[in-house]
Amino acid sequence: MTLFQNEYRIESTRLKDWDYRARGWYFVTLCTQSRRPVLGSVVAGEMKLSPIGLIANAELITLSSHYRNVQVDEHVLMPNHVHAILMIHGDHCFMPNAKPQLPIHPAFVSLAAGSLSTIFRAYKGGVARKCHELAAVREFIRNNPANWSMDRENHPCREPATISVARETLQATSLRLILSCMKLYRGRERFVVERADQFYEVRASSWDEIVAREDLVAYLEGTTSQEKPLDRPILDFLSPIGSQEVWAAGVTYYRSRDARMEESKDAGGGNFYDRVYSAARPELFFKATPHRVVGSGDKVAIRSDASWSVPEPELVLFITPGGKIAGYTIGNDMSSRDIEGENPLYLPQAKVYDRSCALGPCLLVSEEPLPASTEIAIEIRRDGQSAFSGATTLKEMKRTPADLARYLYHSSSFPYGCFLFTGTGIVPPDSFTLQLGDGIQITIPPIGTLVNVVG
């Protein structure tokens, strides 16, 4: 189908029969009017934003504050165009937090009369069919400033074969962007996978039979292609764990380093945390056996002999028996800071006890790493009021998930796979401690929200 045939003479770059409200990763390109380089300039392979570019960039990175089910992934502003990957998750529609009002900045008046729509001339969007294309798109976007001198949007020139192939891969048919990841739930009566807003039963005798495999993505794709969608989604689910051990990494965020140094300085152990933060080898410790793990909606515990207890919101990796990161979930690493601060050797007592670990609400199954912009947010509510809230992103992590998994699996085997907490970058102030009845909500899009009550 040809759109704007007589006005713009461009073909529609949208995929036929694809619902562009559906969850997934979307590659979007915006071009300025007449390809005018109003967003900035490239200097020595780096993009320097103009005042207009700074405004446009600010609007782009705050998009999720206007629409809570939209997350900005890899993106770049170039002199006359913008590339971005947008992740749509949650409900089958845009969910505005508030009606967004774009500012009418004086810099826009002469160009757009207060409207961005006339600055940006063309929109290109698409949906990629295979997960490996997401990595290619991210790399393409990251390399845009370095390749600006050879970019056809800059000036006509002969492109290297690699750039030409990349453009054909990414922009022919306007780049087909990414199918949704799958969410795997462990219900009380059955196992269910969510894919493209549909729920399918996974027929297996145990959770371990499903997840303890190297081809988890292909296995679930095959299952969903053979089953009919369920009439209604699963409502009663448990923590996404079977026979797996739960391990954790510590001091992977600078904020965690500072907090651990402060709490243990009187015991003489403060410099230990600074040293492990800077060392090649990460801190790894055992966190929980399955029977000590609770799911979303269950109660977490604080030790009766502790006076300073906090939750630690973390991204948790699911690693296959062969050492491959195959999925993600949300974790709450309940900790007794006063016990660990008294002596670093007390860490097992501060970290490992009944109901000290929460996982859920599902296992997000994906062969692709989550983007560095992925947010981890926590809110603790007490007596109907917010007692503490905080947020961080994966880009604040010093170590990569792959590096943590590699160290964990060195000289150790996990026949059913393993869960690995990746550390926390959110630490409540020293004056805060959990109390019975506190509600804890940890959110990581696109996984969901882990909800627990202290009890």
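The values are calculated or read from the model by the stated rules, or taken from the named source; none is laboratory data. Every value quoted in this text rests on a predicted model; they were computed, and no experiment measured them. So basically every Cβ, Gly included, is an ideal-geometry build from the backbone, and we count neighbours across all protein chains shown.
Residues in the range 280-311 that are under 19 Å from Glu245 (Cα atoms) and either outside the structural domain of Gly250 (by TED's automatic domain parsing) or in contact with a helix residue (DSSP H, G or I) (Cβ under 8 Å, 6 or more places away or on another chain) (or both): Pro282, Glu283, Leu284, Phe285, Phe286, Lys287. Among the residues that make up the range 358-378, is at least one of them closer than 23 Å to Tyr416 by Cβ, of a type in the set (Gly, Ala, Ser) and modelled with pLDDT under 95? Yes, there is a match, as at least one residue in the range 358-378 is closer than 23 Å to Tyr416 by Cβ, of a type in the set (Gly, Ala, Ser) and modelled with pLDDT under 95. Within the range 368-387, track down each residue that is assigned to a loop (DSSP other than H, G, I, E, B) and under 17 Å from the mean Cα position of the chain (by Cα). Once the filter is applied, which keeps residues that are assigned to a loop (DSSP other than H, G, I, E, B) and under 17 Å from the mean Cα position of the chain (by Cα), the range 368-387 yields Glu368, Pro369, Leu370, Pro371, Ala372, Ser373, Thr374. Condition first: in contact with an Asp or Glu (Cβ under 8 Å, 6 or more places away or on another chain), in a strand (DSSP E or B) and either under 18 Å from Thr443 (Cα atoms) or of a type in the set (A, V, I, L, M) (or both). Now tell me which residues in the range 331-364 satisfy that. Passing the criteria: Gly331, Asn332, Asp333, Cys357, Ala358, Cys362.
Restricted to the range 23-73, and to residues there that are part of a strand (DSSP E or B) and among the charged types (D, E, K, R), the residue that is surrounded by the most Cβ atoms within 10 Å (Cβ to Cβ) is Asp73.
Residues in the range 74-83 that are more than 16 Å from the chain's Cα centre (by Cα) and either part of a strand (DSSP E or B) or not assigned by TED's automatic domain parsing to the domain that holds Thr32 (or both): Val76, Leu77, His81, Val82, His83. Of all residues in the range 407-424, those satisfying the criterion of being in a loop (DSSP other than H, G, I, E, B), of a type outside the set (Phe, Trp, Tyr) and surrounded by fewer than 23 Cβ atoms within 10 Å (Cβ to Cβ) are His410, Ser411, Ser412, Ser413, Pro415. For the range 176-220, give me each residue that is surrounded by 16 or more Cβ atoms within 10 Å (Cβ to Cβ) and free of Cβ contacts under 8 Å to residues at least 12 places away in the same chain. Hit for the range 176-220 is Tyr219, nothing else.
All told, Leu404 falls short of being closer than 26 Å to Val72 by Cα, in a strand (DSSP E or B) and modelled with pLDDT of 90 or more. The set of residues from the range 303-317 being in contact (Cβ under 8 Å) with a residue 12 or more places away in the chain, in a loop (DSSP other than H, G, I, E, B) and more than 16 Å from Pro348 (Cβ to Cβ) comprises Ser307, Trp308, Pro311.
The rows are residues; the columns are (1) surrounded by 23 or more Cβ atoms within 10 Å (Cβ to Cβ); (2) touching a Lys or Arg at 6+ places or on another chain (Cβ under 9 Å).
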| residue | (1), (2) |
| --- | --- |
| Arg303 | no, no |
| Ala306 | no, yes |
| Ser309 | yes, yes |
| Asp338 | no, no |
| Tyr346 | no, no |
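Could you check Tyr219 against (1) part of a strand (DSSP E or B); (2) of a type in the set (Ser, Thr, Tyr); (3) out of contact with any strand residue (DSSP E or B) (no Cβ under 6 Å at 6 or more places or on another chain) and say which number it fails? Result: Tyr219 fails condition (1) only. A count restricted to the range 186-212 and to residues that are part of a strand (DSSP E or B) and not charged (D, E, K, R) stands at 8.
Here Ala212 qualifies as at pLDDT 95 or above and hydrophobic (A, V, I, L, M, F, W, C). Residues that are of a type outside the set (S, T, N, Q), assigned to a loop (DSSP other than H, G, I, E, B) and closer than 24 Å to Leu364 by Cβ do occur in the range 388-399, at least one of them. Of all the residues that make up the range 385-406, how many are closer than 16 Å to Pro429 by Cβ, among the hydrophobic types (A, V, I, L, M, F, W, C) and surrounded by fewer than 18 Cβ atoms within 10 Å (Cβ to Cβ)? Within the range 385-406, residues that are closer than 16 Å to Pro429 by Cβ, among the hydrophobic types (A, V, I, L, M, F, W, C) and surrounded by fewer than 18 Cβ atoms within 10 Å (Cβ to Cβ) number 2.
Taken over the range 243-273, the criterion of being modelled with pLDDT under 80, under 27 Å from the mean Cα position of the chain (by Cα) and not aliphatic (A, V, I, L, M) is satisfied by Tyr254, Arg255, Ser256, Arg257, Asp258, Arg260, Tyr273. Is it fair to say Ala350 is surrounded by 17 or more Cβ atoms within 10 Å (Cβ to Cβ) and within 16 Å of Ile302 (Cα to Cα)? Answer is yes for this residue.
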